[in-house]
1. Could you do me a favour and compute the accessible area per residue for the chain, 1.4 Å probe, result in Å²?
2. Compute the separation of the alpha-carbon centres of region 98-159 and region 32-59 and state it in Å as a whole number.
3. Less than 14 Å from a label point 7 Å out along the Cα-to-Cβ axis of Leu140: which backbone N atoms in region 57-96 qualify, by residue?
4. State, as an integer percentage, the relative contact order of the chain based on alpha-carbon contacts under 8 Å between residues 6 or more apart.
5. Run the accessible area of the chain with a 1.4 Å probe and give the carbon-and-sulfur part as a rounded percent.
6. Give me the base-10 log of I(q)/I(0) for region 145-199 at each q in 0.13, 0.27 Å⁻¹, Debye formula, one uniform scatterer per Cα, rounded to two decimals.
7. With runs of 4+ DSSP H residues as the only contributors, calculate the mean residue ellipticity of the chain at 222 nm using -39,500 (n - 2.57) per run, divided by the residue total and rounded to the nearest 500.
8. When you take every Cα atom in region 167-210, what is the radius of gyration, and what is Dmax, the widest Cα pair distance, in Å?
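The values are calculated or read from the model by the stated rules, or taken from the named source; none is laboratory data. What you see is a predicted model; the values in this text were computed from it and never measured. Neighbour counts are summed over all protein chains in view; Cβ atoms, including those assigned to glycine, are modelled from backbone coordinates with ideal geometry. SASA here: full protein model, heavy atoms, side chains in, ligands and nucleic acids out. Shrake-Rupley method; radii C 1.70, N 1.55, O 1.52, S 1.80 Å.
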Amino acid sequence: ISTESTTARIQGQEAWFTNLLLILRDKTHATRRMMQRTWQCDASLQAIGDALISSPGSIVQMVQHSHDLAVWYAEPSAASSRRPVETIFHHLRVAKHRFESQCAPLSRVSMDWEADIRFWIRVNQERAGTRSTGLANIMLDVLDPEFICQASMLADASCEMLTLIRCVNVSEVDSALIAGTINRCLKCLHTFFGEEEVWRVEGHTGLAVE
């Protein structure tokens, strides 16, 4: 509970803070938990998320907390022949307390596996004997077609969930709009994974397959 909410409740909003407007983001938090708990209910998805994003040795954490490694990541990103966008990825920032912030770095990592692999190889070669080398070696060992496809599918699903979170992350939102957005999100996820269109449509998984 925020300090502002506590003060308003104790002192009385109308008497002390006549212009105070309380906006409760329960819909946003609930929607965020929908995505977070989906990741955590499957051991494979959780392992992929940890390996790429949240664990101390993940590529996201390594690049985020080291200027040198961020430069090392930007260089193969700029030289990559597989990057589907013109933007050169200079960082992989994530805020661990906001679960949906993991979507952007996961998308970047899944968008250019060529750059990821070059990054891990350089870490392995130029930081021999350090903890970073061991972590890079682990990623190079586990990186196989199944891992890449699962991570890319997770990135596609996360992008759809992020659309839903953004829909409700406003001060006022119509319930009909929420229902419609949830329906479109579920339909899209079913099309992607139930009908296996994820292999054919343009997205992270399609890029991985190519």
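1. Per residue, the chain has 58 Å² of solvent-accessible surface.
2. 13
3. none
4. 19
5. 53
6. -0.38, -1.03
7. Counting only the DSSP helices, I get -19500 deg cm²/dmol.
8. Spelled out, the Cα radius of gyration and Dmax of region 167-210 are 14.1, 42 Å.
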